[in-house]
Amino acid sequence: MELGKTAHVVVNKLCKVKPRESVLITIDGAEEFRVAEEIAKAAEAADAKVMVAWHSTPRGYGKVGDPYLPEPLWAAIPNTDVWIELNNQWLLYSTPWDNAMKPAVEGKGKVRYLFLGGLNVDQIVRCVGRVDIDTQAEFQEMLVDITSKGRKMRITTPAGTDIYFENDAKRPVRNELFADVPGPHFLLGQIAWAPIEESINGTIVYDGSYSGGGEADLGVLRTPIKVTVKDGKAIEFLGGSEAEFVKKWLVKLNDPNMYFAAHVCYGFNPGARLSGLCTEDERVWGCTEWGFGQQGPAFKAKGINAISHADGICLNSSVWIDGQQIMDKGKLTHPQLAKLAKKLGKE
Amino acid sequence: MPEYLELELAKAADFLVRDSLKVKRGESLLITIDTETDFRSAAAAARAAQALDAKVAVIWHTTPPGFGKATDAYLPEPVKAAIPKADAWIEFNNQWLLYSTPWEEAIKSKKVRYLCLGGIDVERLVRCVGRVNWELLNPFLTRVTEMTQKANTVRITTPAGNDISFKMGGRPVVAETMDCSVPNACGAHAHFLGGQIIWAPIEETINGRIVFDGALAGGGEAYFGTLKDPVKLEIKNGRIGGISGGAEAKIYEKWLAKLNDSNMYNLAHVCYGFNPGAKLTGVMVEDERVWGCTEWGIGYQSWYYNGKGVPASAISHVDGICLNSSVTLDDVEVTTEGHVVHPELRDLAAKLGK
């Protein structure tokens, strides 16, 4: 029953599906089919034309997955009104994703994409179905507004993250909640933007989880991975066996653009728990997240073109915007944000 | 927990992808299925293809309210885009995409190996594919096809009052043998559940009376399944000139009028049904293969049957079944009331238990 309600929220509240629209739901063999089935039912109830594509699981994220995707899927993706991605091995940043999203971002395409990659029944109920969407929207809009106005930023964590960067006022601070206009949208509870790449300097310590797709989908980390960043580029990886693995994996990918920071995010989904699934982990309340490699067109940034994309989580973040602290070790210190957080059952 | 016919389903699915479509490593196999068909058939075929290292996509989608081009407006756009891009395509849809615009595009591409298993659920897949001895059946189908191909005039009668004759005109006769790896006798990669022989007679020479006493399926509201009362069609020069019978005949007549497409009165093809596993159950893809029946298709006609290279266009397609047919090829009886009587064929049929 909770899944049924969640599917209704996804279709009607988040994607705002209209009668006769084509709704494409993609799901690979590694994902729980029930989620696709319930969303399809809700879309059918909304009088949409529904297609679920259940397909072979690619061996990695982004363009790494290209050779494994069935040709009909390539053709289907750019030809829908709404695309809800449930894949465990994401099509996000793959070539068919580019083909759908680039025109959408430029105002020439129609596809409204909602990324819910890898969420099983439990996760989607927690992270969508049980969230007070109206209060969440108010909270996120306020945080986006505050962040958009800021220029110089600093993030620290108890695990040792201490990183500085500057924002470009012309670049959007993306508010991930609704998927009601063409272009890429992601699971609610994330606010993402691309800082000025060369301004990013300091240390990022991933102490939550790390996800690069395929063999680099490390899940929850046993030992933190410490990444030294100079002028937006990762120059050193320190830590335990997982840090060593990431170093070797990046060498194997043989793509220098995989070392460049693509975006930073706040995680503020009241239902998210650290589970090893990046989609959920990067929304754990009070975390920050850094993505490296492929940079999506919606960031309107440098447009780093890389073979894949890797995300890592920094838990319990403290954030300063132009010298003013808005959160401390994962808890909101900004009075109005703290009030809304409380309404959402968080601090 | 294993479900009904789980092992037999796996065997049938393996036959489909490995022996029938001969799916190769790295090929894109598309499986389409609407919400009126048993998803297990699609899932089993997908698993079998994955085992062959194919790239598999199963499309499960909203059911359109009809067959053929009548489905076009109801299909999700990504379904239309996906279909022509496959290397092989198995259709399980109960409301067939067969004869729709994306189907035409796929077949005309000459790249997509298409197999129609419309509405075939687990039990039917096991009965009509998995448990059929294709090594015995295919020589029988091939021999009947050769005989039919050589004939000039054909007459079909049934105990229900069917009596129709037509000329062959040398048009290709296609045996559906489940060998979907090579084009059919018309040069098209359009394949159908095995146990059927299909061709388009010279349309203007078709005259007499057709009596559907098995089943009638036109998609959507005209999908009658098995018939309570026979539907009689008076045929003049390849067109329906009159419809009579019970309640179903009346609904059919009204539905045809509502479609408002004169081409829906044109006869498109005729078939023999010779699948030893087929039963009359109300699912047309199975019904039209009931041993010893003949079947008429009306409306849309594929371009590859008629020798003209262009489709006889119509908004949809209707199929009806004449049970226990007696077929005479140039005065030589092949079947009598559904029983194979031709001396060259009797032993082959007997080996198949028929």
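The values are calculated or read from the model by the stated rules, or taken from the named source; none is laboratory data. As the structure is a computational prediction, the values presented were derived from the model and not from experiment. Every residue, glycine as well, gets a Cβ built from its backbone with ideal geometry; the counts of neighbours run over all protein chains shown.
Miscellaneous remarks
- Residues of region B:82-104 that turn out to be within 13 Å of another protein chain (Cβ to nearest Cβ), in a helix (DSSP H, G or I) and under 15 Å from B:Ala188 (Cβ atoms), as a count: 1
- Conditions (1) more than 22 Å from B:Glu77 (Cβ to Cβ); (2) touching a strand residue (DSSP E or B) at 6+ places or on another chain (Cβ under 7 Å); (3) not basic (Lys, Arg): number failed by A:Asp28: (1)
- Under the condition of being crowded, with 24+ Cβ neighbours inside 10 Å and in contact with a strand residue (DSSP E or B) (Cβ under 6 Å, 6 or more places away or on another chain), the residues counted in region A:270-283 number 5.
- Filter result for the condition that a residue is without any contact (Cβ under 8 Å) to a residue 24 or more places away in the chain, within 26 Å of B:Pro102 (Cα to Cα) and not in a strand (DSSP E or B), over B:Val310, B:Val285: B:Val310
- Filtered by the rule that a residue be of a type in the set (Lys, Arg) and in contact (Cβ under 8 Å) with a residue 12 or more places away in the chain, region B:340-354 gives B:Lys351, B:Lys354.
- Meets criteria (closer than 30 Å to B:Ile298 by Cβ and surrounded by fewer than 20 Cβ atoms within 10 Å (Cβ to Cβ)) for B:Ala73: yes
- In region A:251-271, the residues that are farther than 30 Å from A:Leu344 by Cα form Cβ pairs under 7 Å with partners that are assigned to a helix (DSSP H, G or I), at six or more places apart or across chains, as follows: A:Met258/A:Leu250; A:Tyr259/A:Leu250; A:Phe260/A:Glu197; A:Ala261/A:Glu197.
- Residue match in region B:19-34 (condition: free of Cβ contacts under 8 Å to residues at least 24 places away in the same chain and either at positive phi or in a helix (DSSP H, G or I) (or both)): no
- Residue satisfying condition, being within 30 Å of A:Phe33 (Cβ to Cβ), among the β-branched types (Val, Ile, Thr) and surrounded by fewer than 18 Cβ atoms within 10 Å (Cβ to Cβ), within set A:Val131, A:Val181: A:Val181
- The condition (being hydrophobic (A, V, I, L, M, F, W, C), away from chain A (no Cβ under 13 Å) and buried (at least 24 other Cβ atoms within 10 Å of the Cβ)) is satisfied by just one residue among B:Val122, B:Val79, B:Val58, B:Val144: B:Val144.
- Residue identified as free of Cβ contacts under 8 Å to residues at least 12 places away in the same chain and either touching a Leu at 6+ places or on another chain (Cβ under 8 Å) or not assigned by TED's automatic domain parsing to the domain that holds B:Ser302 (or both) among B:Gly214, B:Gly187, B:Gly238, B:Gly242: B:Gly242
- Going through (1) assigned to a loop (DSSP other than H, G, I, E, B); (2) touching a residue at least 24 places away in the same chain (Cβ under 8 Å) one by one, B:Arg209 falls short only on (1).
- Residue count, region B:80-98 (criterion: closer than 15 Å to B:Lys110 by Cα and of a type in the set (Gly, Ala, Ser)): 2
- Helices (runs of 4 or more DSSP H) within region A:1-110 that include 1 or more residues farther than 25 Å from A:Gln295 by Cβ, touching a His at 6+ places or on another chain (Cβ under 8 Å) and away from chain B (no Cβ under 11 Å): A:33-45
- Scoring A:Gly330 on the criteria (1) within 20 Å of A:Ala216 (Cα to Cα); (2) surrounded by 18 or more Cβ atoms within 10 Å (Cβ to Cβ) leaves a single failure, condition (1).
- Considering residues of region A:111-126 that are in a loop (DSSP other than H, G, I, E, B) and over 15 Å from the mean Cα position of the chain (by Cα) only, the residue nearest to the other protein chains (Cβ to nearest Cβ): A:Val111
- Which numbered condition B:Leu137 fails, given (1) of a type outside the set (Val, Ile, Thr); (2) under 17 Å from B:Val334 (Cβ atoms); (3) without any contact (Cβ under 8 Å) to a residue 40 or more places away in the chain: (3)
- Residue match in region B:334-352 (condition: surrounded by fewer than 19 Cβ atoms within 10 Å (Cβ to Cβ), part of a strand (DSSP E or B) and of a type outside the set (Lys, Arg)): yes
- Subset tally (residues that are at pLDDT 90 or above and either within 22 Å of A:Glu32 (Cβ to Cβ) or surrounded by 22 or more Cβ atoms within 10 Å (Cβ to Cβ) (or both)) for region A:61-73: 5
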